Amino acid sequence: MPSFAEAAGELAAIGRRFYARGWVMGTSGNFSAVVHRDPLRLAITASTLHKGKLTADGILEIDEAGQVMAGEGRPSAETRLHLEVVKRHGTGAVLHTHSVWSTILSDLHESEGGLAMYGYEMLKGLEGVTTHEHWEWVPIVANNQDMTRLSADVRGAFDKHPAAHAFVICRHGLYTWGRTLADAERHVEILEFLFEAIARRHALTGRN
């Protein structure tokens, strides 16, 4: 796994790339990478930073309780969700975006509890998927400013859909993860492509 310095540089570069693609406008989004397993340590973006101007100085090191061990600033309130993902899935990185397409689709599909994806070649970019004939279910979790309740809802989504590669907080944004930062970044690219394709199809076919 990367050192803290290596992870900080990579996370900052990802922030700038994602901003350029319209996935983390303003100060939205947050990213993390595991830099030590035992005890658990994460490199994570500090709160309120503009991702298009993100540098390694904007990355904090936190422990398994979300306490800052190194760096200037405070972690996002959503740090709990990063820790939930890492502890549940044993992943090496978690990335959270706020794209237009995931926001629209989560609004449209909230009542269904998730979004189904099937038949798209791009699904093969997700870890372990080898055919376009794959059903991917992306759970949609209701937004909540109470992080204790939101974390519990995320755990519930994991319990119901253990094979999911991601979840979306309704009218908020995507969370996805991977064994490495490169894997997690690939998942963002794949899922954001699929969100846009599905949302544009809805528009063309007249879905409300």
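Points to keep in mind about this one:
- Selection count, segment 66-93, where residues are farther than 14 Å from Ala166 by Cβ, touching a residue at least 24 places away in the same chain (Cβ under 8 Å) and in a strand (DSSP E or B): 3
- Verdict on Ser106 being in a helix (DSSP H, G or I), farther than 27 Å from Gly52 by Cβ and in contact with a Lys or Arg (Cβ under 8 Å, 6 or more places away or on another chain): no
- In segment 68-105, residue farthest from Gln145 (Cα to Cα) [restricted to those that are crowded, with 22+ Cβ neighbours inside 10 Å and over 14 Å from the mean Cα position of the chain (by Cα)]: Leu105
- When segment 41-50 is filtered for residues that are more than 12 Å from His96 (Cα to Cα) and touching a helix residue (DSSP H, G or I) at 6+ places or on another chain (Cβ under 7 Å), the ones remaining, listed by number, are Leu42, Ala43, Ala46, Leu49.
- Qualifying residue in segment 129-147 (condition: assigned to a helix (DSSP H, G or I), more than 18 Å from the chain's Cα centre (by Cα), loosely packed, with under 13 Cβ neighbours inside 10 Å and without any contact (Cβ under 8 Å) to a residue 40 or more places away in the chain): no
- Pairs are defined by a Cβ separation below 7 Å, a sequence spacing of at least 6 or placement on different chains, a first member in segment 179-208 that is at pLDDT below 95, and a second member that is assigned to a helix (DSSP H, G or I) and of a type in the set (A, V, I, L, M, F, W, C); the pairs so defined are His202/Leu108.
- A single entry from Leu11, Leu60, Leu42 fulfils the requirement of being assigned to a helix (DSSP H, G or I) and crowded, with 21+ Cβ neighbours inside 10 Å: Leu11.
- Every condition in (1) outside any helix (DSSP H, G or I); (2) farther than 17 Å from Phe18 by Cβ holds for Leu174 except the one numbered (2).
The values are calculated or read from the model by the stated rules, or taken from the named source; none is laboratory data. The model shown is predicted, which means the values in this text are computed figures rather than measured ones. Cβ: placed from backbone, ideal geometry, glycine included. Neighbour counts: every protein chain shown.
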